[in-house]
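Read the figures in this text as sums done on the coordinates, not as results from a lab. Just so we're clear, the structure is a prediction, and the values are computed from it rather than from any experiment. Cβ sites come from the backbone with ideal geometry, for glycine too, and all protein chains shown count toward neighbours.
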């Protein structure tokens with residue numbers, strides 16, 4: 001009788017299982033380190049965006065040989081002090097409050113303020129940040145809106161101005177603040193916003209994309225989470241939901257093509273806003289005006305809108 005020899009299957013070497021386990025651990029460690037590096041870079045970018053400030057004032061009222069102005073500061077709700085200039089126009093005329101944009105300061109709006117003042121408006125220009133402001137970082141809108149409300153409260157107590165007729169102008173962050181303040185204060189009769197946005201997250205994403213040279217899904221998820229953590233507790237006003245409150249306010253939207261993301265957002269808000277409203281599309285926003293000719297055209301457009309929509313008469 002013939003016997004067949006059985007062939008045994010060799011068991012895998014013991015070191016094979018250990019090798020796979022070590023490899024898996026190293027891959028997980030590498031991924032963890034990579035995540036920490038990316039999160040760290042994202043944290044640095046987030047910190048840069050929310051702490052970016054421009055404190056260098058290139059011009060002052062003295063540069064324009066203005067004599068009819070006063071320095072007027074106000075205290076925000078956190079106890080911080082904000083510096084401002086009140087350019088005095090016709091006694092009893094409305095006041096137009098100019099709010100500067102991201103990475104900017106009041107000096108950048110002094111030329112526009114001077115033209116408005118020369119046409120008899122009272123004009124108030126102030127800084128969102130400064131050495132006496134307590135908050136070291138920006139939440140890109142809600143805090144600035146609160147500061148603007150405090151500015152309105154202070155400036156309307158001045159005997160020079162008409163407290164019942166207010167015009168607001170703002171660009172980017174200042175535009176968002178102006179939107180919110182106009183929705184909350186019925187004394188605001190006229191509103192001009194330049195390349196603005198509907199939520200702080202939109203502005204934050206725009207700045208991150210600009211620094212990276214384009215959109216990045218991974219960085220966007222991480223940095224947005226870090227932004228929300230850094231601004232935890234912020235009470236953000238639902239701006240779009242409150243747009244119907246501006247039905248009686250005359251509105252001018254300026255869309256600057258030099259900032260396509262914010263231009264698109266501005267035009268989106270315009271489409272949802274109730275009339276009366278106007279849309280002005282320019283090659284450059286206020287922050288990007290490159291020549292004296294562009295600057296004059298821009299300021300003339302804003303001046304003409306205020307002259308048509310905010311009467312100089314005293315109530």
Could you check what % of the DSSP bridge pairs in the chain are antiparallel, to the nearest 5? 25
For the range 84-129, I need the span (max minus min coordinate) of the C-alpha atoms along each principal axis, in Å, sorted largest to smallest. 32, 15, 11
Entry for Rg and Dmax of the Cα atoms in Å (calculated from the structure that is shown) out of (1) 27.1, 126; (2) 20.3, 70; (3) 19.2, 59: (1)
Listed highest first by mean packing, meaning other Cβ atoms within 10 Å per residue, what order do 71-82, 92-103 come in? 92-103, 71-82
Averaged over all viewing directions, the convex hull of the alpha carbons in the range 90-172 casts a projected area in nm² of 5.5
Overall Cα dimensions of the range 112-222, principal axis frame, Å, largest first: 53, 28, 25
Helix 14-51 sits at what angle to the longest principal axis of the chain, using alpha carbons and giving 0 to 90 degrees rounded to 10? 10
What number, in percent, do you get for the relative contact order of the range 30-114 if the mean sequence gap of Cα pairs under 8 Å and at least 6 apart is divided by its residue count? 31
With a Förster radius of 35 Å, plug the Cβ-Cβ distance of residue 157 and residue 280 into 1/(1 + (r/R0)^6) and report the FRET value to the nearest 0.05. 0.60
On a 0 to 90 degree scale, rounded to 10, what angle separates helix 200-212 from the longest Cα axis of the chain? 70
If contacts are Cα pairs under 8 angstrom and at least 6 residues apart, what is the relative contact order of the range 210-294 in percent? 27
Treating the angle as unsigned and between 0 and 90°, give the value, to the nearest 10°, between the Cα long axis of helix 260-272 and the longest Cα principal axis of the chain. 60
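Report relative contact order for the chain in percent, whole number only (criteria: Cα-Cα under 8 Å, sequence separation at least 6).
Over the chain, the number comes to 16 percent.
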Inverse mean reciprocal Cα-Cα distance (Kirkwood Rh) of the range 212-315, Å: 16.7
With only helices counted (DSSP H, runs n ≥ 4, each -39500 (n - 2.57)), the per-residue ellipticity at 222 nm for the chain, to the nearest 500, works out to -14000 deg cm²/dmol
Using alpha carbon centroids, what distance separates the range 64-143 and the range 268-284, in Å? 24
Alpha carbon convex hull of the range 171-226, volume per residue in cubic angstrom: 78
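Taking 0.36 nm per intervening residue step and subtracting the Cα-Cα distance, what contour gain separates residue 210 from residue 120 on full extension? If you can, show how the numbers build up before the last one.
Values: separation 90, 0.36 × 90 = 32.40 nm, distance 3.94 nm.
Between residue 210 and residue 120, full extension yields an extra 28.5 nm.
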Find how many whole Å separate the alpha carbon centroid of the range 185-257 from the alpha carbon centroid of the range 294-315. 25
